[in-house]
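*Asks:* Structure provided below as structure tokens; questions to follow.
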Amino acid sequence: MVLSPVFFLRFAMACLVGILLFVGKAQAQEVPTRKDSVAAPTDTIKQKFDERVMSNLREISERKTIMGKMLKAILVFDRRDEEVLGLDAELIQREYERHNYKVVRRVNIMTLDALGYSIHDTTRVPRNFMEKAGNSLHVKTRRHLVRNKLLFRRMEPLEPLALVESERLLRQTDYLLDARIIVDERTTTEDSVDVLVITKDIFSLGGSGSYSPPSGMGRVALRELNFLGLGHQVRGSYRFNMNAPRPWETTAGYTVENIGNTYITADINYYDQNFYKERSAFLRRDFFATNTRYAGAVGASKIDEQLLLPPVPEDTIQRFAEIGYHRQDLWLGRSFKFKSYNLGFEPRGRLITALRVINTNFYTKPTENFQDNTLGIASVGYSVRRYYKDRYLYGFGRTEDVPAGTLVSASYGYERGDVFNRRYAGLDLSFARYNKDFGYLYGRAGYGSFIRNGNWEQGMLELESLYFTRLYENGNWKLRHFILGRSTIGINRNPEELLSINNEEGLRGFRSGLLRGNRRVVINYEANLYTPFKLFGFRLATLVFADVAWLSYGNSSSPFRSTPYRGFGAGIRFRNEYLSFSTIQILVGYYPKIPNNENFNNLRIYESSRPYYDFEDFRFTQPGIAEFR
């Protein structure tokens with residue numbers, strides 16, 4: 001088990017707070033009770049546990065001791081959680097509908113530093129040493145970056161959805177914590193408006209690391225999400241003393257967003273790992289907003305990887321084959337909106353067409369199933385997108401945009417290879433609904449397959465559903481349940497195309513090198529309890545989970561004919577929304593059934609920073625072949 005130093009720091013601070021609380025309670029008991037002639041009435045309402053904790057900490061911080069000064073420097077007691085009225089189920093659609101097509105006279109932009117400021121109360125300022133010191137190490141986002149994200153311009157008419165779409169785009173920017181776009185109603189006239197844009201940064205410099213003293217194995221990772229306040233992203237990682245064919249691995253990447261106010265993003269990636277190597281460069285532009293008309297990408301990559309071969313019953317170790325190829329990729333999409341005769345209403349439905357060409361040349365082929373090829377694929381789709389605001393989903397209190405809507409797409413393509421030619425057909429349907437009382441429900445079904453000489457091959461059927469409940473609240477404690485169901489059914493797949501149930505693909509914390517199949521069904525349950533406790537801005541949440549996975553191998557097999565693999569566990573999560581660090585999770589998992597020919601413990605304690613759930617946006621993406629994984 002390898003635990004990050006961040007975990008030990010959090011554990012030490014938790015112990016420190018516990019000691020302080022105990023000392024505070026003991027000292028309070030030593031103070032003699034004053035016997036007044038008139039006794040004060042007894043409060044019949046018991047103080048909540050978290051209020052008692054904060055009250056004790058506040059009392060200790062007011063003492064002129066080393067402990068008191070330290071607590072006063074790192075904790076702030078007179079700030080309540082920022083509440084936003086109507087946040088639970090506010091449809092971001094008609095908020096400023098009455099201002100459509102008015103001329104924008106002025107656009108005032110206010111950018112706030114990462115620590116100590118509030119987007120809902122601009123009079124707040126940093127008050128303790130930690131906040132002031134942190135801001136001194138952070139370069140605030142430049143105003144022109146915020147201006148370039150806006151979908152409206154000064155002295156131009158305000159298009160429908162421009163305000164709410166701009167706010168969402170700012171909020172989804174990696175280096176911004178939150179954003180608000182406000183129309184100044186005091187200066188609004190019948191034909192013009194003034195707009196105020198407020199953004200709040202996160203502390204964009206982050207990193208992580210781990211080290212195991214017995215083996216000397218470790219990892220160091222750094223990333224900067226807003227390099228010099230320019231919006232550039234730099235990231236890198238290094239592993240050392242690994243128990244692998246090579247003792248070290250390294251990765252690096254550089255990203256530039258919204259080049260020249262075109263919403264074109266440049267990505268450069270470098271991976272040099274034991275089983276995967278990649279060098280790639282891409283320029284891309286997504287359908288980032290409902291009104292976006294053009295999207296596309298162009299790029300090239302060189303990839304070498306170790307392909308896991310199908311295990312046989314007597315295998316005790318993994319067997320791999322090498323695969324290497326060059327790939328060039330190009331696609332272009334066009335969105336069409338439906339005509340509306342209502343000047344103040346903007347229909348959200350869009351008809352989208354796209355064409356993609358992928359050229360792949362192998363220089364290392366693991367089996368005869370791989371061939372040099374050029375694939376051309378066209379698709380047409382219908383997309384309806386809308387967004388709601390909510391909190392405590394994947395974050396710890398920040399405003400999150402919940403996507404809802406419908407996406408239908410159909411694809412048809414032709415692959416010309418050096419050995420054989422074949423066609424491809426695919427269909428995909430997804431939807432989501434959100435209600436403040438019911439919660440969120442998402443469903444998706446997709447099927448795609450190649451067709452050669454009238455035979456369907458390398459096909460895949462995917463089914464997926466996600467449901468999370470509304471947020472249950474009791475004082476400062478908040479609870480939400482998640483249920484995720486996934487099914488991946490391979491149809492006439494090649495023998496080397498395999499599925500696993502490791503970690504995010506099935507049971508969290510489960511890791512098997514030999515257990516593979518080509519038909520999989522997974523059900524995951526999780527309950528998150530968000531506590532009111534926080535230290536250094538890191539909030540604490542607890543969770544319990546239960547995972548079940550079925551896996552089978554064979555084109556006519558059924559996953560349900562065998563006993564499922566299961567995982568049960570609990571853990572804690574830490575996250576500071578003002579920093580770029582990923583969520584820190586410490587989990588304990590128990591797995592009653594383990595694969596044959598493998599020797600690992602049924603009980604495992606591990607750390608993870610990778611998200612397990614995520615939203616599927618109803619944004620139309622590039623046409624392509626569904627990935628079998």
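*Asks:* Each residue of region 287-302 in turn: what ³J(HN,Hα) in whole Hz from Karplus with 6.51, -1.76, 1.60 and θ = phi - 60°, glycine and Pro shown as x?
*Replies:* Coupling constants for region 287-302: 7, 6, 9, 4, 8, 5, 9, 10, 8, x, 6, 8, x, 9, 8, 10 Hz.
*Asks:* Averaging the inverse of every distinct alpha carbon separation and then flipping it gives the Kirkwood radius. What is it for region 174-260, in angstrom units?
*Replies:* So the Kirkwood estimate lands at 16.6 Å.
*Asks:* If you don't mind, another one. Whole-Hz Karplus ³J(HN,Hα) for region 170-182, in order, using 6.51 cos²θ - 1.76 cosθ + 1.60 and θ = phi - 60°, x for Gly and Pro?
*Replies:* With the stated coefficients, region 170-182 comes to 5, 5, 8, 6, 4, 9, 10, 7, 7, 8, 9, 10, 10 Hz.
*Asks:* In region 514-543, which chymotrypsin sites (Phe, Trp or Tyr not before Pro) are in a loop and have at most 16 other Cβ atoms within 10 Å, using DSSP for the loop call?
*Replies:* Hits after loop and neighbour filter: Phe536.
*Asks:* Over all directions, the average projected area of the alpha-carbon convex hull for region 584-629 comes to how many nm²? Please list the in-between numbers first.
*Replies:* Details: hull surface 24.0 nm².
About 6.0 nm², averaged over all directions.
*Asks:* Please work out how much length the chain gains when fully extended from Arg452 to Thr187, using 0.36 nm per residue of separation minus the C-alpha to C-alpha distance, in nm with one decimal.
*Replies:* Details: separation 265, 0.36 × 265 = 95.40 nm, distance 6.62 nm.
Extra length available between Arg452 and Thr187 comes to 88.8 nm.
*Asks:* Separation of region 443-515 and region 543-598 by C-alpha centroid, Å?
*Replies:* Cα centres, region 443-515 to region 543-598: 12 Å.
*Asks:* Based solely on C-alpha atoms, express the radius of gyration and the Dmax of region 249-337 in angstrom.
*Replies:* Considering region 249-337 through its Cα atoms, Rg and Dmax are 18.4, 59 Å.
*Asks:* Further, regarding this structure: At 1.4 Å probe size, with every protein chain present, just tell me what the per residue accessible area of region 485-610 comes to in Å².
*Replies:* Accessible surface, normalised per residue, equals 41 Å².
*Asks:* Next up: Hey, can you grab everything whose amide H is under 5 Å from the amide H of Met242? Only 5+ residues off in sequence or another chain; H modelled, so Pro and N-termini drop out.
*Replies:* So Met242 has HN proximity to Trp248.
*Asks:* Please list, in chain and number order, the residues 5+ apart from Leu307 or on another chain whose amide H is under 5 Å from its amide H, with Hs placed from the backbone.
*Replies:* The answer is Ala321, Glu322, Ile323.
*Asks:* Another question, then. Contour minus end-to-end for Phe282 and Ala133, with contour as 0.36 nm per residue of separation and end-to-end as the Cα-Cα distance?
*Replies:* Extra length from Phe282 to Ala133 when fully extended: 49.9 nm.
*Asks:* Return the loop-located GluC sites (Glu not before Pro) in region 589-625 (DSSP other than H, G, I, E, B) with at most 14 other Cβ atoms within 10 Å of their own Cβ; answer none if there are none.
*Replies:* Answer by residue number: Glu598, Glu616.
*Asks:* Along region 623-629, what does the Karplus equation 6.51 cos²θ - 1.76 cosθ + 1.60 (θ = phi - 60°) give for ³J(HN,Hα), rounded to whole Hz, x for Gly and Pro?
*Replies:* Values per residue, Gly and Pro as x: x, x, 8, 4, 7, 8, 7 Hz.
*Asks:* Here is a further query. Based on the alpha-carbon set only, what is the convex hull volume of region 94-236 divided per residue, in Å³?
*Replies:* In region 94-236, the Cα hull volume divided by residue count equals 129 Å³.
*Asks:* Can I ask one more? With the full set of protein chains in place, find how many percent of the accessible area of region 398-537 is carbon and sulfur; take the probe as 1.4 Å.
*Replies:* Roughly 54 percent of what the probe reaches on region 398-537 is carbon or sulfur.
*Asks:* Okay, moving on. Considering all alpha-carbon pairs of region 503-549, what whole percent are spaced by more than 11 angstrom? Write down the numbers at each step before the final one.
*Replies:* On the way: 808 of 1081 pairs.
In whole percent, the long-distance tail amounts to 75.
*Asks:* Moving on to the next point. For Ser192, list long-range residues whose amide hydrogen, built 1.01 Å from N in the peptide plane, is under 5 Å from its own amide hydrogen.
*Replies:* Residues meeting the amide H criterion: Val103.
*Asks:* Semi-axes, largest first, in whole Å: what does sqrt of 5 times each Cα gyration tensor eigenvalue give for region 319-461?
*Replies:* In descending order the semi-axes read 38, 21, 15 Å.
*Asks:* Packing-wise, with mean Cβ within 10 Å as the measure, how do 120-131, 586-597, 506-517, 478-489 rank, highest first?
*Replies:* Numbers: 120-131: 13.5, 586-597: 15.2, 506-517: 21.1, 478-489: 18.3.
Taking the mean over residues of other Cβ atoms within 10 Å, the ranking is 506-517, 478-489, 586-597, 120-131.
*Asks:* Would you mind checking the pairs Lys436/Lys478; Lys140/Lys277; Lys102/Lys149 and listing those with alpha carbons more than 24 angstrom apart?
*Replies:* Details: Lys436/Lys478 15 Å; Lys140/Lys277 35 Å; Lys102/Lys149 20 Å.
Table pairs above 24 Å Cα-Cα are Lys140/Lys277.
*Asks:* Which value in nm describes the separation of the simple spin-label points at Arg327 and Arg511, placed 7 Å from the Cα toward the beta carbon?
*Replies:* 2.6 nm
*Asks:* Okay, moving on. Points 7 angstrom from Cα along the Cβ direction at Lys436 and Arg143: gap in nanometres?
*Replies:* About 3.6 nm, to one decimal.
*Asks:* On average over all directions, what projected area in square nanometres does region 474-629 have, based on the convex hull of its Cα atoms?
*Replies:* Average of the hull's projected areas for region 474-629 equals 12.0 nm².
*Asks:* Peptides 175-181, 490-496: what's the order by average Cβ count within 10 Å, highest mean first?
*Replies:* Descending packing order for the listed peptides: 175-181, 490-496.
*Asks:* Another question, if that's okay. How would you order 283-289, 183-189 from highest to lowest mean count of nearby Cβ atoms within 10 Å?
*Replies:* For the peptides 283-289, 183-189, the packing ranking is 283-289, 183-189.
*Asks:* Exactly which GluC sites (Glu not before Pro) in region 346-420 are in a DSSP loop and have at most 11 other Cβ atoms within 10 Å?
*Replies:* Taking region 346-420 and a limit of 11 other Cβ atoms within 10 Å, the loop GluC sites (Glu not before Pro) found are Glu368.
*Asks:* Given 0.36 nm per residue, what is the gain on full extension from Arg153 to Ala410 after removing their alpha carbon distance, in nm?
*Replies:* This chain segment gains 88.9 nm when fully extended.
*Asks:* What whole-number volume per residue, in cubic angstrom, does the convex hull of the C-alpha atoms of region 423-502 give?
*Replies:* Details: hull volume 8.1 nm³, N = 80.
Here the figure is 102 Å³ per residue.
*Asks:* So with the 1.4 Å probe, I'd like the accessible area per residue for region 360-460, rounded to whole Å².
*Replies:* Using a 1.4 Å probe on heavy atoms only, each residue of region 360-460 averages 43 Å².
*Asks:* State the Cα centre-to-centre distance between region 134-211 and region 226-267 in whole Å.
*Replies:* For region 134-211 versus region 226-267, the Cα centre distance is 24 Å.
The values are calculated or read from the model by the stated rules, or taken from the named source; none is laboratory data. Treat the numbers as computed from the prediction; the structure is a model and nothing was measured. Note that we place each Cβ from the backbone using ideal geometry, even for glycine, and neighbour counts take in every protein chain shown. Areas reflect the complete protein model, heavy atoms only, side chains present, ligands, DNA and RNA absent. Shrake-Rupley method; radii C 1.70, N 1.55, O 1.52, S 1.80 Å.
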